[in-house]
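Right, one structure below, let's go through it.
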Amino acid sequence: MAEISFRNVRKSYGELEVVHGVSAEVADGEFVVIVGPSGCGKSTLLRMVAGLETITGGEISIGDRVVNLLEPKDRDIAMVFQNYALYPHMSVYDNMAYGLRIRGLARSDIDARVRRAAEILELGGFLERKPRELSGGQRQRVAMGRAIVREPAAFLFDEPLSNLDAKLRVQMRAELQALHRRLGTTSLFVTHDQVEAMTLAHRMIVMNAGRAEQIGSPLDVYANPATTFVAGFIGSPPMNLIPSERGGRPVLLGVRPEHLEPCAESEAMMTVDIDLLEPLGSDTLVYGHLAGGRDGTRVAVRLHESVDARTGHLAVRYDPAKAHFFDPQGGQRIVS
Amino acid sequence: MEKRVVFRSAWLPYALVAPQIAITLVFFFWPAAQAVWYSLHLQDAFGLKVQFVGLANFATLFKDSNYLASFKVTALFSVLVAFFGIAISLLLATMADRVLRGAMAYKTLLIWPYAVAPAVAGVLWAFIFAPSIGILTYILKGWGVDWNWIIKGDQAMLLVVIAAVWKQISYNFLFFLAGLQSIPKSLIEAAAIDGASPFRRFWTIVFPLLSPTTFFLLVVNIVYAFFDTFGVIDATTQGGPGQSTNILVYKVYHDGVKAADLGGSSAQSVILMFIVIVLTVAQFRFIERKVQY
């Protein structure tokens, strides 16, 4: 059990700086997700916590220890890798017991821990199997088991679900949540999938180009994105960003697709020329562009009923209280 | 998953493998069959008359103390060559795999000896270790070592082992390097987080994962020591001094070509053939079983 804190953490490879000073706190027992597009530095940040990358600048501490100069083995963390990194020549049991044996635990203690983890993860019947004899989901669970038996201060997850198929991913997401509720261990989870981030996180760190653009609870980030990047990255389809004017200055008007509602032509705030419909069953996504000049800005609308595509355009309105405004230059949110 | 090409034509597949089969038949099976035939016959010195003698050639061989000694020499030689050839190249490959700067230069230099013919490698080392003018002989003398492989059997053995190993390291190195590079980096990282020291990571993760490569190299190196080191021996010790480096394959050549005992030499090569077949089968049956994971 421990908190993790980042204080102005930087990483460079030679001249190239890839993480430009990230500061964040992860509370004891909290599940924090670092989310961002590929190349944003999120995995690098996680690997710096694990000790697999050196820390170029700033400080990372786990519990009350600054870990910058500690070896991975001395940091009291366990990591789950994207490709699981199971030892292919060892049985499931030995995979989980490996770290414990190295730490010199008693045989009976090792056995108890491995069996308990196997029970939690429903791996009881597979302890003698080799990783290659397991399915993707089972391998994933063994990787989790290897982390659990160590009883570390924190779990680090490096995109652990991205090698699974869509259905299994949803299932493992639920299992991860259940596991965290049960163990309550501080967890840091890296993903590029905003749905994973939204569903798993207590709080999330949205990263872009080596910076933490926003840190907050999923719903708070969703409701009040700090920048146009966050507005575009969190939510699917992303928030509509429409060039507009406010108080005589140019701004970007941000409206979520579900906040645009169809209305009569007379009360329309904008009209969308429909390009494409995506019926999802529960609702319909309408993709189009703004009618009437305004340089054809693309707009998405989420409708809770089916729509007649042959009309060719859709009149919509929105609740001004749900509109966001951003600076068109820096992309920062304009707080009114 | 098996990928199979199905030919429609009845004769095309045979035509395609025919060259390989022809080469195998002409250059492997025919000489082998001839060796068997000659091993059962006695030929006069001028090659004019041939007489069937049954297993007499073999009986003579097993009463010959020189021949029995050659077995011991071959066993020692092949174990030393295979062991050091594999151990040193594994060490070099592990180190080359860790090098970040100038890795290509190291790798290229380490691969070069493979391009040197065994006989040339032998001559090279014979010069370096030459009793009168060798540079290493000079250095050894400075340390008080009396180095003269021309008259000392164990030193002669050391020389041919060094030359044979030096020649083979490049080959082993290439395979080990490829093997090391195919081990996912995350496995090593996972082991590091699990608390394993670099030494322990090597013996519990890397080495077991390299075991298929090591096994393959063991088979190849034993066969190399048995046969391909002929050039090394011929260019340096020629089996001497006495019988101390007279390995089986060199004795086959010496007795057949130089001593003109065609029947005896053929009998030896039949035995040699048999030994290598047994060794290879044994290696696959007993050692490969431990390699699977």
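Values in this text are rule-based calculations from the coordinates and carry no lab data. What you see is a predicted model; the values in this text were computed from it and never measured. Note that we place each Cβ from the backbone using ideal geometry, even for glycine, and neighbour counts take in every protein chain shown.
Per 20 Å bin from zero, what fraction in whole % of the C-alpha pairs of the protein assembly as shown is there, up to the bin with the longest pair?
With 20 Å bins starting at 0, P(r) equals 14, 31, 27, 18, 8, 1.
Once Lys and Arg get +1 and Asp and Glu get -1 on their Cβ, which of B:LEU42, A:ALA178, B:LEU140 lies farthest toward the positive end of the dipole of the protein assembly as shown?
So the residue we want is B:LEU42.
Which residue fluctuates most in the GNM of chain A (Cα springs below 10 Å): A:GLU265, A:GLU122, A:GLU17?
A:GLU265
Of the candidates A:GLY104, A:GLY184, A:GLY39, which one comes out as most mobile in a Gaussian network treatment of chain A with C-alpha springs shorter than 10 Å?
A:GLY104
Over 5 Å intervals from 0, what percent of Cα-Cα pairs in the range B:69-135 sits in each interval?
All Cα pairs considered, the percentages come to 4, 13, 13, 18, 20, 17, 9, 4, 2, 0.
Over its Cα atoms, what ratio of radius of gyration to 2.2 N^0.38 Å does the range A:1-125 give?
Cα Rg divided by the expected 2.2 N^0.38 Å: 1.23.
Pick from B:GLY153, B:GLY47, B:GLY231: which is most flexible by mean-square fluctuation in a GNM of chain B where alpha carbon atoms under 10 Å apart are linked?
B:GLY47
Over the Cα atoms of chain A, each weighted equally, I'd like the Debye log10 I(q)/I(0) at q = 0.15 Å⁻¹, rounded to two decimals.
-1.18
Once the cut-off is 18 Å, how many percent of the Cα-Cα pairs in the range A:220-336 end up in the long-distance tail?
Tail of P(r) above 18 Å: 49 percent of Cα pairs.
Size of the range A:213-284 along its principal axes in angstrom, Cα-based, largest extent first?
40, 38, 19
Taking every eigenvalue of the Cα gyration tensor of the range B:180-232, multiplying by 5 and rooting it, what semi-axes result, largest first, whole Å?
After diagonalising the Cα gyration tensor, the semi-axes are 33, 10, 8 Å.
With the contact rule set at Cα under 8 Å and sequence spacing of 6 or more, what percent relative contact order holds for chain B?
28 percent
Suppose a student asked you for the relative contact order of the range A:134-245, using Cα pairs under 8 Å spaced at least 6 residues apart; what percent would you report?
Here the relative contact order equals 17 percent.
Across the Cα atoms of the range B:116-268, what radius of gyration and what greatest pairwise Cα-Cα distance (Dmax) are found, in Å?
20.6, 66
Compute the longest continuous run of chain B that contains no exposed trypsin sites (Lys or Arg not before Pro); treat a site as exposed when its DSSP state is not H, G, I, E or B and it has at most 10 other Cβ atoms within 10 Å.
B:102-293
Excluding residues fewer than 8 places away in the same chain, name every one of the aspartates and glutamates whose C-alpha is closer than 13 Å to that of A:LYS130.
Of all the aspartates and glutamates, those that pass the test against A:LYS130 - Cα under 13 Å, at least 8 places apart if same chain - are A:ASP94.
In straight Cα distance, which lysines are under 29 Å from B:LYS167, not counting same-chain residues fewer than 8 positions off?
B:LYS72, B:LYS107, B:LYS141, B:LYS152, B:LYS251, B:LYS258, B:LYS290
In a Debye calculation with equal point scatterers on the alpha-carbon sites of the range B:213-258 and no solvent, what is log10 I(q)/I(0) at q = 0.23, 0.24, 0.29 Å⁻¹?
So the normalised log intensities work out to -0.76, -0.80, -1.00.
Considering amide H positions built from the backbone, and no H for Pro or chain starts, which residues 5 or more places from A:LEU260, or on another chain, come under 5 Å of its amide H?
Result for A:LEU260 returns A:ARG302.
Where in chain B are the DSSP H helices whose alpha-carbon span along the long axis reaches 20 Å or more and whose Kyte-Doolittle mean is at least 1.0?
Helices meeting the span and hydropathy rule in chain B are B:65-98, B:153-181, B:207-223, B:262-282.
In Å, what Rg and Dmax follow from the Cα atoms of chain B?
Rg, Dmax (Cα atoms, Å): 23.2, 76.
Any idea what log10 I(q)/I(0) is at q = 0.15, 0.20 Å⁻¹ for the range A:70-183, Debye with uniform C-alpha scatterers and no solvent?
So the normalised log intensities are -0.61, -1.13.
Taking H as built 1.01 Å from N, whose amide H comes closer than 5 Å to the amide H of A:VAL18, not counting residues under 5 places away?
Under 5 Å from the amide H of A:VAL18 lie the amide H atoms of A:LYS11, A:SER12, A:TYR13, each far enough along the sequence or on another chain.
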